[in-house]
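First comes the structure, then the notes that go with it.
Values in this text are rule-based calculations from the coordinates and carry no lab data. Quantities reported herein were computed from a predicted structural model and do not represent experimental measurements. Because the Cβ atoms are built from the backbone with ideal geometry, glycine has one as well, and the counts that use them run over all protein chains shown.
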Amino acid sequence: MELFFTMLVPLILAGVALYAALRRVDVYSALCHGAGSGLETLVRVLPALVGLMTAVSMLRASGALELLSAALSPVLEAVGLPAELLPLMLVRPVSGSAALGVGSELIQTYGPNSDLGRTAAVMLGSTETTFYTIAVYFGAAGISRTRYAVPAALCADLVGFLAAAWAVRMLF
Amino acid sequence: MTMTVIWTGMAVVAVVCGIGTGRGAEVSAAAVEGAAAAVELGLSMAGMLCLWSGVMEVMRQSGLAEKLSKLLGPVLRLLFPLERGDRAVMDSISANVSANLLGLGNAATPLGLEAARRMARKSPGIASDSLCMLVVCNTASLQLIPTTVAAVRAAAGCQTPFDILPAVWLASALSVGTGVVACKVLARLWRN
């Protein structure tokens with residue numbers, strides 16, 4: 001089972017190629033043709049990435065997230081979320097690598113089998129880097145009017161965080 | 001417009017907080033580093049983007065994409081009623097969802113972006129209901145086995161790093177479900 005997961009990508013690559021070749025598809029030219037369109041996507045995504053990552057990087061350096069943590073912790077305690085998890089929840093939607101860093105630190109500090117460590121792990125496992133995803137998708141599609149996508153996505157994130165804390169309390 | 005507000009907000013807050021906390025120099029450095037990091041990320045993504053776009057093309061030409069679409073069709077038709085007739089979009093969405101479920105984020109993004117670009121052709125510049133749904137589904141995690149987090153727990157000395165799976169599934173399901181319901185409700189309420 002473990003080998004299956006470590007080999008998942010090569011298995012898919014070989015499997016798809018074999019299947020297509022048996023069906024007499026010109027696998028290599030199809031692959032190269034498709035890869036070209038990937039490059040086009042990159043060109044569309046890069047400007048959005050530069051914009052977003054610059055802003056996030058400045059925000060993290062300015063200490064704004066720590067200030068917000070301090071301001072919001074009473075609200076969190078009221079709904080049953082430990083304030084220690086707040087930095088993780090604030091970072092999660094904007095930076096995947098930063099969230100993994102913050103989460104790993106929590107797991108190391110409080111122990112992987114503590115309620116707090118488990119909740120941090122569940123939060124990391126059940127949410128995504130929302131703003132990055134939004135920027136990349138709308139950047140690639142050339143969308144300027146995003147309508148309700150951001151509020152709906154943040155709604156899902158919030159429920160994901162609360163559900164993570166509740167699920168850990170319920171199941172362990 | 002939403003992204004304009006978010007971007008401007010982040011930049012202004014960073015400047016004000018940076019001055020307030022006396023970290024002006026760090027904020028300046030961070031702006032330069034952030035822009036450079038974005039290009040680095042883009043370049044490190046480039047290989048994966050091209051590779052998986054290529055694999056998608058092979059899947060399409062061999063009919064594999066269509067099979068996947070049929071398998072996921074019943075659920076996806078409910079989520080994307082407006083794309084029902086567009087086979088290319090449905091194929092891309094199916095591949096995107098499959099890659100997400102398998103935890104192949106690097107593969108899921110190019111496949112999802114392809115679907116997004118096709119959807120945007122029908123309403124240039126404005127996010128259609130389908131596109132909002134696609135984005136929200138991708139901002140919520142569909143991953144069945146969170147391998148990265150499990151690796152972190154194992155590294156911290158946990159003997160059973162995967163014992164959080166039921167909790168992850170429960171939280172993911174609630175989060176994705178909320179996103180889907182929010183999209184369906186807001187699609188009716190949203191003016192413009």
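The figures follow:
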read-out: Whole-Å distance, taken between Cα centres, linking the stretch B:1-41 and the stretch B:145-190; value: 29 Å
read-out: Packing rank of B:112-120, A:74-82, A:113-121, A:11-19, where each peptide gets the mean count of other beta carbons within 10 Å, highest leading; value: B:112-120, A:113-121, A:11-19, A:74-82
read-out: Within 10 Å of each Cβ in A:94-101, the average number of Cβ atoms from other chains; value: 1
read-out: At q = 0.13 Å⁻¹, base-10 log of I(q)/I(0) for the stretch B:106-189 (Debye sum, equal scatterers on each alpha carbon); value: -0.56
read-out: Distance between modelled label sites at residue B:101 and residue B:184, nm, 7 Å Cα→Cβ extension; value: 1.9 nm
read-out: Label point distance in nm, residue A:105-residue A:24, each placed 7 Å from Cα along Cα→Cβ; value: 6.1 nm
read-out: Cα-only radius of gyration and Dmax that characterise the protein assembly as shown, units Å; value: 20.4, 66
read-out: Inverse of mean 1/r across different Cα pairs in chain B, Kirkwood, Å; value: 19.3 Å
read-out: Nearby aspartates and glutamates by direct alpha-carbon distance to residue B:67 (threshold 20 angstrom, same-chain neighbours under 8 apart not counted); value: A:26, B:57, B:83, B:86, B:91, B:114
read-out: Reciprocal mean inverse distance between Cα atoms of the stretch B:19-73 - Kirkwood radius, Å; value: 14.7 Å
read-out: Chain B: angle of helix B:129-139 to the longest principal axis, Cα-based, in degrees nearest 10; value: 60 degrees
read-out: Gaussian network model of chain B, springs between alpha carbon atoms under 10 Å - residue of B:152, B:12, B:135 with greatest fluctuation; value: B:12
read-out: Per-residue mean of C-beta atoms belonging to partner chains within 10 Å, peptide B:99-106; value: 2
read-out: The stretch B:72-112 - Rg and Dmax from Cα coordinates, angstrom; value: 10.1, 28
read-out: Protection proxy ranking of A:45-57, A:24-36 - average other beta-carbon atoms within 10 Å, highest first; value: A:45-57, A:24-36
read-out: Peptide-level mean, for A:108-118, of C-beta atoms on other protein chains within 10 Å; value: 4
read-out: Fluctuation leader among B:69, B:98, B:28 - chain B, Gaussian network, Cα springs under 10 angstrom; value: B:28
read-out: Selected from B:105, B:42, B:24 as most flexible by GNM, with chain B as the system and alpha-carbon contacts under 10 Å; value: B:24
read-out: Sum of -39500 (n - 2.57) over DSSP H runs of 4+, divided by residues of the protein assembly as shown (222 nm, nearest 500); value: -27000 deg cm²/dmol
read-out: Cα long-axis angle, helix B:87-101 against chain B (0 to 90 degrees, to the nearest 10); value: 60 degrees
read-out: Net charge of Cβ neighbours under 13 Å - reference residue B:139; Lys, Arg +1; Asp, Glu -1; value: -1
read-out: Where only C-alpha atoms are counted, convex hull volume of chain A per residue in Å³; value: 172 Å³
read-out: Rg(Cα) / (2.2 N^0.38 Å) computed for the stretch A:66-124, rounded to two decimals; value: 1.05
read-out: Label-to-label distance, nm, for residues given as residue A:14 and residue B:155 (7 Å Cα→Cβ offset); value: 2.9 nm
read-out: Chain A: angle of helix A:115-126 to the longest principal axis, Cα-based, in degrees nearest 10; value: 30 degrees
